[in-house]
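Here is the structure we will look at.
Please treat every number below as a calculation from the coordinates, not as lab data. Note that the coordinates shown come from a computational prediction; the quantities given were computed from them, not determined experimentally. Here the Cβ is made from the backbone with ideal geometry for all residues, glycine too, and neighbour counts use every protein chain on show.
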Amino acid sequence: MSFRPPKGTDDIGAPESNLWRDVLGEWERWADLFGYPLVATPIFEATELFERGVGSDTEVVTKQMYTFTDRGGRSLTLRPEGTAGVVRAFLDSGAKGPWKGSYSGPMFRHERPQAGRRRQFWQVGVEYLDVEGPAADAEVVELGYRFLTAVEIPGLDVVLNSLGDAVCRPGYVETLRGYLDAKREVLCDDSLSIVDVNPLRVLDCRVCAPVLADAPSMKDHLCESCADHYSQVKKSLEALEVPFVEDARLVRGLDYYTRTAFEYVATDLEAAQNAVGGGGRYDGLAESIGGRPAPGVGFALGVDRIVLASSREPAGRIDVYLVSESGPYEALIAASALRRDGLRVELDTEGRKVDTQFRAASRLGARAVVVLPAAGDDVDVRIGDERSGMPLGSVAKWLEGRL
Ligand code: HAM
């Protein structure tokens with residue numbers, strides 16, 4: 001009998017995982033630079049949290065959740081996204097005032113698998129809570145943009161929209177309903193199945209886009225405070241030199257959004273999976289899951305897609321390969337000393353021939369080779385054509401600036 005990973009899931013090992021590690025390391029760096037401490041929440045939560053938080057009519061909730069009953073008879077769901085859980089954790093903690101949290105981990109959605117669309121996928125993201133001002137939105141959008149730029153996503157676009165709020169959106173949705181009612185005959189089957197439940201989502205349909213070119217736009221129906229908030233967000237992004245394009249059709253697939261909505265699009269990827277991330281403001285989410293009012297804004301980025309799109313060369317994983325003429329015991333001791341000097345070192349623990357060790361060094365892409373002699377104290381350090389003999393204790397200093 002042989003087992004394979006379940007459909008839509010992957011085993012990710014070297015060398016592919018080298019880029020994963022770089023991307024996740026870069027993420028930690030940027031989240032930290034922008035002041036987002038780590039928040040780790042459970043991978044499963046009460047099913048109702050997602051029904052109420054994400055929205056019981058959304059595709060994520062109706063079609064994609066991995067829901068099960070545990071041995072205590074509770075309905076639990078593997079998290080399909082991170083925001084609802086983080087907002088729950090924030091409310092539970094009793095924290096008040098501006099609060100930041102960043103996360104990184106697997107999410108689960110029962111989708112039709114393809115490249116960049118997995119059933120278990122990895123998101124990194126942030127949530128910024130108890131904040132209302134447009135500066136918060138702009139800071140969040142900037143963080144995602146800086147990180148995605150650092151991990152070298154070619155053809156990156158920031159797409160921006162405002163979805164209005166409880167004051168102005170209902171009126172707009174009614175206008176849109178009227179418009180879509182008259183278009184029923186030309187809508188695709190998918191759009192017809194959601195037009196009554198969630199007319200906004202129809203705007204997002206790529207198939208129907210050509211026949212909906214003259215659809216009424218939320219932009220023209222924003223109330224004064226939403227319009228002002230939106231223009232402040234745009235002004236701030238311009239000042240921060242974060243380029244963006246506006247798209248009145250950007251509606252997002254989760255129900256909790258109000259006002260700012262955005263996506264990061266890798267235009268070089270297949271159109272169906274080219275959103276490398278998305279987010280927005282969700283001023284009513286905390287209340288919809290039974291908490292006090294706590295406006296917030298955040299995003300999540302799909303690491304599987306980022307790794308597909310990134311043109312970054314993963315950093316070499318090994319600084320030094322230690323070739324030992326005197327055997328693995330001596331190599332082990334020497335490697336320990338070099339590692340404590342901060343070098344990434346690989347060695348041969350199996351006592352293989354010296355030639356085999358040199359071949360291993362080149363296969364692993366070691367940037368330098370240190371040869372530990374059978375006799376004598378000095379090691380032989382080689383980097384490219386440069387060679388030098390020296391005591392082991394001098395190696396780290398000699399390599400500094402050369403690697
Ligand atoms: P989302 O747009 O559903 O938003 O997901 C964010 C990103 O996760 C997507 O842009 C995509 O890159 C990645 N993603 C989603 N589903 C899959 C999948 N099946 N396979 C691979 N990657 C996928 C959210 O999840 C919101 N919680 C974002 C947010 C945070 N909004 C406010 N705060």
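Quick one: order 1, 390 by neighbouring beta-carbon count within 10 Å, fewest to most. Mind dumping the intermediate values first?
Values: 1 2, 390 15.
Placing the least packed residue first, the sequence is 1, 390.
When shorter helices are ignored and each DSSP H run of at least 4 residues is given -39500 (n - 2.57), the per-residue value for the chain at 222 nm works out to -10000 deg cm²/dmol. Principal axis extents of the C-alpha atoms in region 254-403 (largest first, rounded to whole Å): 73, 37, 30.
What is the order of 110, 229, fewest Cβ neighbours within 10 Å to most? Show your work: numbers first, answer last.
Numbers: 110 16, 229 23.
The most exposed by this proxy come first: 110, 229.
For region 267-344, the equivalent ellipsoid derived from the Cα gyration tensor has semi-axes of 49, 22, 9 Å, listed largest first. With a cut-off of 14 Å between beta carbons, the residues surrounding residue 346 carry a summed charge of +4, where Lys and Arg count +1 and Asp and Glu -1.
Let me make sure I get this right: for region 320-399, a, b and c are the square roots of the gyration tensor eigenvalues over alpha carbons, sorted descending. Under 1.5 in a/c it's rounded, otherwise prolate if a/b > b/c, else oblate. Which is it? Because its axes are fairly even, with a/c under 1.5, region 320-399 counts as rounded. Across region 221-367, the mean sequence separation of Cα contacts (distance under 8 Å, 6 or more residues apart), normalised by length, yields a relative contact order of 15 percent.
So what is the relative contact order for region 167-286, in percent, with contacts set as C-alpha pairs under 8 Å and at least six apart?
Working: 112 pairs, mean separation 24.7, N = 120.
Relative contact order of region 167-286: 21 percent.
Comparing Cα centroids, region 226-256 and region 85-110 end up 23 angstrom apart.
Which of rounded, prolate or oblate describes region 148-202 when judged by the alpha-carbon gyration tensor and an a/c cut-off of 1.5?
On the way: a/c = 3.63, a/b = 1.73, b/c = 2.10.
Judged from the Cα gyration tensor, region 148-202 comes out oblate (a/c at least 1.5, b/c at or above a/b).
Computed packing ranks the peptides 140-147, 265-272, 65-72 as 140-147, 265-272, 65-72, most packed first, by mean other Cβ atoms within 10 Å.
Between region 302-362 and region 112-146, what's the alpha-carbon centroid distance in Å? Measuring centre to centre over Cα atoms gives 35 Å. Within a Cβ distance under 11 Å of residue 279, other residues only, what is the Lys/Arg minus Asp/Glu net charge? Surrounding charge for residue 279 is -2.
Add +1 for every Lys or Arg and -1 for every Asp or Glu among the other residues with Cβ under 10 Å from the Cβ of residue 172, and state the total.
Values: positive: 169, 177, 219; negative: 174, 220.
Around residue 172, the charge tally is +1.
So how tilted is helix 134-150 from the main axis of the chain? Cα-based, degrees 0 to 90, rounded to 10. The two axes meet at around 40 degrees.
Per-residue Cβ neighbour counts within 10 Å put 152, 238 in the sequence 238, 152, beginning with the fewest.
With an 8 Å Cα cut-off and a minimum separation of 6 or more residues, compute the relative contact order for the chain in percent. Don't jump to the answer; show the numbers that get you there.
On the way: 718 pairs, mean separation 66.6, N = 403.
Once divided by the residue count of the chain, the mean separation gives 17 percent.
Per residue, the Cα convex hull of the chain amounts to 199 Å³.
Where a ≥ b ≥ c are the square roots of the eigenvalues of the C-alpha gyration tensor, would you call region 62-166 rounded, which needs a/c under 1.5, or, failing that, prolate if a/b is larger than b/c, or oblate? Cα axes put region 62-166 in the oblate bin.
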